[in-house]
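We did not get these values from a lab; they are worked out from the coordinates using the rules stated. In this text, all values refer to a predicted model and were calculated from it rather than measured experimentally. FYI the Cβ positions are ideal-geometry reconstructions off the backbone, even for glycines, and counts take in every protein chain you see.
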Amino acid sequence: MKKILMVYDQIQAGAGTKDDQMVPLKATREVIGPAIMMERFLKANDEKIIACVYCGTGTWKEDPAEIIRKITALAKKLGADGVLCGPCFNYGEYSQMAAEAALSIQDKLHIPAIACMSAENEAVISKYSKEIPIVICPKKGAVGLNEALENMCHLAAEMIDHKNTDNLRKEICF
């Protein structure tokens, strides 16, 4: 069974709204947020959620390097086989946080890490798509989320099975 760590902002974790940006960094072993919808896709790929980590985007913006360092350390401590950051939808700050977390985990731990965001995050996609796999999902409320989540889980399984993130440093968008 492949162990997956989820990375969320306060909204996707159900810990606050867009106005609750100062939610501290927390982790839970409970399956929360979009991971609930993903469980059937994860199970089909022999994957399971081992934890969900989240914080407010304001908390991240106060000290991005420290938040990313702690998320990376948690992935290592939990022995994650893969990390899924998102779906971030069209939330720009969350997309930036997710991309930075995925890049750090992939570079420092050599653990496959994927970010998922909508095409509206053009600047983040352009900056990071050559370094980390980015799965494109619909913007909040649009059709196609299930397909994006399924693609995210399938790509994670493939990356974990091949354990070669260096060859995956190219744009991988669905």
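Couple of notes before you dig in:
- ³J(HN,Hα) computed for each position of region 53-63 - Karplus, 6.51 cos²θ - 1.76 cosθ + 1.60, integer Hz, glycine/proline x: 10, 7, 7, x, 5, x, 4, 4, 5, 5, 7
- For the residue pairs Lys2/Lys127; Lys61/Lys108; Lys76/Lys130; Lys18/Lys108; Lys2/Lys76; Lys18/Lys43, the C-alpha atoms sit more than 26 angstrom apart in Lys2/Lys127; Lys18/Lys108; Lys18/Lys43.
- Pairwise label distance in nanometres, Ala73 with Lys108, each label 7 Å out on the Cα-Cβ vector: 0.9
- Taking every DSSP beta bridge that has both ends in region 2-168, the antiparallel portion is near 15%.
- Rg(Cα)/(2.2 N^0.38 Å) for region 1-68, N = residue count: 1.17
- Alpha-carbon radius of gyration plus Dmax, which is the widest Cα pair, for region 2-168 in Å: 14.0, 40
- Taking the chain and dividing mean pair separation by its residue count, relative contact order in percent (alpha carbons under 8 Å, at least six apart): 22
- Amide H contacts for Cys137 (H built 1.01 Å from N in the peptide plane; partners 5 or more residues away or on another chain; cut-off under 5 Å): Met117, Ser118, Ala119.
- Residue exposure sequence - Ile160, Ile134, Ile111 - by fewest surrounding Cβ within 10 Å: Ile160, Ile111, Ile134
- Backbone HN-Hα couplings from phi across region 99-106 [Karplus 6.51/-1.76/1.60, Hz, Gly and Pro as x]: 5, 5, 5, 4, 5, 4, 5, 5
- Within the chain, helix-based [θ] at 222 nm, where runs of 4 or more DSSP H residues each add -39,500 (n - 2.57), nearest 500: -13500 deg cm²/dmol
- Once backbone amide H atoms are built at 1.01 Å from N, Tyr8 has Val53, Tyr54, Cys55 as its partners under 5 Å, excluding neighbours fewer than 5 places away on the same chain.
- Here the Karplus curve 6.51 cos²θ - 1.76 cosθ + 1.60, taken at θ = phi - 60°, turns the phi angles of region 76-87 into couplings of 5, 4, 7, x, 4, 8, x, 10, 10, 10, x, x Hz, with x standing for Gly and Pro.
- Charging the Cβ of each Asp and Glu at -1 and of each Lys and Arg at +1, and nothing else, the dipole of region 2-168 about its Cα centre rounds to 380 debye.
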